[in-house]
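What follows is a single structure, written as structure tokens, with notes after it.
The values are calculated or read from the model by the stated rules, or taken from the named source; none is laboratory data. Everything numeric here is computed off the predicted structure, so don't read it as measured data. FYI the Cβ positions are ideal-geometry reconstructions off the backbone, even for glycines, and counts take in every protein chain you see. Ligands, DNA and RNA are excluded from the accessible area calculation, which covers all protein heavy atoms including side chains. Shrake-Rupley method; radii C 1.70, N 1.55, O 1.52, S 1.80 Å.
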Amino acid sequence: MALTQDDVLEALVSVVEPDLGLDIVSAKLIREMDISDFALAVTVALTTPATPHKERLRALIEGALRPLLGERKLDLTLQADAPQGRSKLPNVRHVLGVGAGKGGVGKSTVAVNIALSLAKAGAKVGLLDADVYGPSVPIMLGLKGHKPVVNADRKIVAFEAHGIRCISMGFLVGDDTAVAWRGPMVGRAVQQFVEDVDWGPLDYLIVDLPPGTGDVILSLCQALPLTGAVVVSTPQDVAFADVLRAVKMFGMLKVDVIGLVENMSYFLCPDNGKEYKIFGPSHSEQHCKEHGVEFLGQLPIDLALSANADAGRPIVAAEPDGALTAKYKQIAGRVASKLAVLAFAAEKTEAGGEGFFGPRPGV
Ligand code: ADP
């Protein structure tokens, strides 16, 4: 049976990329195609290596092409060469800030575990600890006391830990130095610092931002080319006022808010399996709806998490099959999806409606 590229493209029009809401042909995700009497080889690009939809897409594509194959074998490659995204840093596709209206809500914990979840999904991930008030990432990753080294190109070499690369302002200022810098100084220092680090190519650079909405974080956000931000909060109603302040600040800085993660939402007692809402019932999801902020999910208070964190083992690494890790992976998947959609929309605008991949083969 003769089979043409057009037959294949016609069949693939039925496959919709869930995040983009567009079929994979119109979205220009078909990268290569080779048809012989024995095989049909198709390469399809993924919007991000961390997409939660990889297996679903594979099944949909296989289902769409099966009726065309006849005696041919299908050789399907899903390729994770995401678009450049909107990051202004060379070799870095997305720069995601993790912020909070106030300290102590678990912002660094969430930043670290989202970073690890994205890496586990196959992305290249860097983590910049820019929380100059309390750089805790080195402890959480087991890097306490490590001193950064400079390579032959006079670049700072990022540390490798649990499959991600990491650099902390803590390496610069020391553990116990309370940083009394003014905002603009921090902004300049961090910008210089980021440019001086040899990150290697990254799909995601996650930035653990200082808490609050003061001049330090304002300068930081202006100095760093953030392509999106996640806000972390706890369930108390008063905490939502802080969330709104943070959301407004990111809006002012033209940084898209990806959504809110609610941490310490409840305590799941390991002895009796009961949920205790220590901070009372949460209204965050409702508040988010009212203010047009996406609610990314709730995370419980977890005894193993804090014990492991202090020992340099983030929960996603310490309990790869645990329930909390599954929640983190789900949140990270939603973040990756949303960043991919934003990148797609931005490239579309900038490229005059071309989409982010080159013209489809044979067209
Ligand atoms: P922030 O960055 O907002 O100041 P951290 O991430 O440093 O907060 O967390 C503060 C403390 O709370 C840390 O000791 C951390 O291990 C602990 N912690 C954070 N989230 C949880 C959680 N869901 N369950 C138990 N302990 C948590």
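Couple of notes before you dig in:
- Some residue of region 107-126 being free of Cβ contacts under 8 Å to residues at least 60 places away in the same chain, buried (at least 17 other Cβ atoms within 10 Å of the Cβ) and within 16 Å of the ligand (Cβ to nearest atom): no
- Within region 301-323, restricting attention to residues that are surrounded by fewer than 17 Cβ atoms within 10 Å (Cβ to Cβ) and not hydrophobic (A, V, I, L, M, F, W, C), the residue that is nearest to the ligand (Cβ to nearest atom) is S306.
- With respect to the conditions (1) in contact with a Phe, Trp or Tyr (Cβ under 6 Å, 6 or more places away or on another chain); (2) without any contact (Cβ under 8 Å) to a residue 24 or more places away in the chain; (3) not charged (D, E, K, R), A189 falls short on a single one, namely (1).
- For first residues located in region 206-235 and more than 23 Å from L342 (Cα to Cα), partners that are of a type in the set (S, T, Y) and within 11 Å of the ligand (Cβ to nearest atom) and lie 6+ apart or on another chain with Cβ distances below 9 Å form the pairs P210/Y133; P211/Y133; G212/Y133; V216/Y133; T234/S265; P235/S265; P235/Y266.
- Failed item in (1) assigned to a loop (DSSP other than H, G, I, E, B); (2) more than 16 Å from the ligand (Cβ to nearest atom), with T77 passing the rest: (1)
- Among the residues of this structure, S136 does not count as one that is among the hydroxyl-bearing types (S, T, Y), under 20 Å from the mean Cα position of the chain (by Cα), at pLDDT 90 or above and within 16 Å of the ligand (Cβ to nearest atom).
- Where a residue in region 294-306 is under 9 Å from Y266 (Cβ atoms) and touching a residue at least 24 places away in the same chain (Cβ under 8 Å) and its partner, wherever it lies, is in a strand (DSSP E or B) and near the ligand (Cβ under 6 Å from one of its atoms), with Cβ under 9 Å and at least six apart: none
- If the condition is being open to solvent by 40 Å² or more (accessible area, probe 1.4 Å), closer than 15 Å to I24 by Cα and of a type in the set (G, A, S), then region 45-75 contributes only A59.
- Residue in region 169-184 that is within 20 Å of K124 (Cα to Cα), modelled with pLDDT of 80 or more and of a type outside the set (V, I, T) present: no
- Flag set for G142, criterion: more than 10 Å from the ligand (Cβ to nearest atom), at pLDDT 90 or above and open to solvent by 10 Å² or more (accessible area, probe 1.4 Å).
- Where A336 falls short, out of the listed (1) over 18 Å from Q298 (Cα atoms); (2) at pLDDT 90 or above: (1)
- Residues satisfying the stated conditions in region 90-106, i.e. surrounded by fewer than 24 Cβ atoms within 10 Å (Cβ to Cβ) and away from the ligand (no atom under 15 Å from the Cβ): P90, N91, V92
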